[in-house]
Amino acid sequence: MKLKGEVAIITGASRGIGRAISLEFAREGARLALAARSKTELEETERQVVAAGGQCIVVPTDLTKGEDIEAAVATTRRALGPVDILVNNAGIAGPTANCEDVKPEDWDGTFAVNVRAPFLCCRAVLAEMKQRRKGRIINIGSMSGKRPLAQRTPYTAGKMAIVGLTRTLAWEVGEYGITVNTISPGPVQGPRIESVIANMAKASGKPPDEVAYDAFLRHAALRRFVDGADVARMAVHLASEAGRNMTGQDINVTAGLVLY
């Protein structure tokens, strides 16, 4: 087990990539704190983690609130021990619209979840990680941080900000033995990408299948979407001893949709 005995907080663990990472970490022996707003969906992830032989707690958290995050970290410490691994996975798609039509409150709402929340989570765990001279921080970005998507300015700008956070923080905390990396997935098969494609189709007036092909599949070397498990396995690598000399990296898991 690559993560045996490690304590990990995974945000956005209620569905999608977050659930896939939770299950993969559980199989590798990590003890998990599952954080997201939806208690019902978190409990479903918990059920699957336990069925896979893992140990976890559910920590319903509003990640836009610093006090909620501090409380989640404190709860994790009491129940499981000091945090070894933080996975900043929670995110929202934000609006699909031309820049001039994006409402400022929608821009702010997207950044609150996609940028401010990872910053607050890092802030909440770093002091103890530095003291212990041990830690792994994994930010889930997006291929749109390198290959911007039309009509998605808040989301794309936020994901590019995550790369800046990763690189700067990696430099700041490297002397303490802490690594900080970003995984940038391509379009992950599931409800979220289906919703994104539907919104893009509505905005462009094109059929969803045509949008999916033109925006994603046509440009991917492997001509397919990514599976959440692909992202989860990369997260395990970065969190394990095998990834101890990887830091400040922005790693593509995109089926060849982004090659740099």
Pairing a residue in region 130-145 that is without any contact (Cβ under 8 Å) to a residue 24 or more places away in the chain and at negative phi with any residue that is surrounded by fewer than 24 Cβ atoms within 10 Å (Cβ to Cβ) and among the polar types (S, T, N, Q), where Cβ atoms lie under 6 Å and the two sit 6 or more apart in sequence or on different chains, gives 144/156
The residue that is farthest from residue 213 (Cα to Cα), considering only those in region 148-193 that are charged (D, E, K, R) and out of contact with any helix residue (DSSP H, G or I) (no Cβ under 8 Å at 6 or more places or on another chain), is 175
The condition of being buried (at least 21 other Cβ atoms within 10 Å of the Cβ), farther than 27 Å from residue 32 by Cβ and not basic (Lys, Arg) holds, among 148, 154, 185, only for 154
Of the listed residues (97, 117), the one being more than 21 Å from residue 3 (Cα to Cα) and modelled with pLDDT under 95 is 97
Filter region 47-65 for residues that are over 18 Å from the mean Cα position of the chain (by Cα) and not hydrophobic (A, V, I, L, M, F, W, C); the one that is surrounded by the fewest Cβ atoms within 10 Å (Cβ to Cβ) is 53
Within region 111-147, restricting to residues that are among the basic types (Lys, Arg) and in contact with a helix residue (DSSP H, G or I) (Cβ under 7 Å, 6 or more places away or on another chain), the one that is nearest to residue 13 (Cα to Cα) is 136
Worksheet item: Going by the structure shown, is residue 93 part of a strand (DSSP E or B) and within 27 Å of residue 187 (Cα to Cα)?
Response: no
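Taking the condition of being in a loop (DSSP other than H, G, I, E, B) and basic (Lys, Arg), how many residues in region 24-55 meet it?
Total satisfying the criteria: 1.
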query = Is one or more of the residues making up region 56-68 more than 21 Å from residue 128 (Cα to Cα) and assigned to a loop (DSSP other than H, G, I, E, B)?
reply = yes
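Can you confirm whether region 84-94 contains a residue that is in the same structural domain as residue 24 (by TED's automatic domain parsing) and over 17 Å from residue 13 (Cβ atoms)?
Quick first cut of region 84-94, residues in the same structural domain as residue 24 (by TED's automatic domain parsing) only: 84-94.
Pick out the ones that are also over 17 Å from residue 13 (Cβ atoms) and you get 93-94.
The answer is yes; a qualifying residue exists.
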Within region 84-140, the count of residues that are surrounded by 15 or more Cβ atoms within 10 Å (Cβ to Cβ), polar (S, T, N, Q) and more than 19 Å from the chain's Cα centre (by Cα) comes to 1
Examine region 141-158 for a residue that is closer than 21 Å to residue 229 by Cβ, under 13 Å from the mean Cα position of the chain (by Cα), modelled with pLDDT of 85 or more and in a helix (DSSP H, G or I), and state whether such a residue exists.
yes
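From the residues in region 70-90 that are assigned to a helix (DSSP H, G or I) and of a type outside the set (Val, Ile, Thr), which one is nearest to residue 178 (Cα to Cα)?
First, the residues of region 70-90 that are assigned to a helix (DSSP H, G or I): 70-79.
Cutting the leftovers down to of a type outside the set (Val, Ile, Thr) gives us 70-72, 74, 77-79.
Values: 70: 20, 71: 22, 72: 21, 74: 20, 77: 18, 78: 22, 79: 23 Å.
Ranking the qualifying residues of region 70-90, first place goes to 77.
Tell me which residues, restricted to region 198-217, are at pLDDT 85 or above and either charged (D, E, K, R) or at negative phi (or both).
198, 201, 202, 206, 207, 210
The values are calculated or read from the model by the stated rules, or taken from the named source; none is laboratory data. Please read all numbers here as calculations on a predicted model, not as lab measurements. Note that each Cβ is placed from the backbone with ideal geometry, even for glycine, and that neighbours are counted across all protein chains shown.
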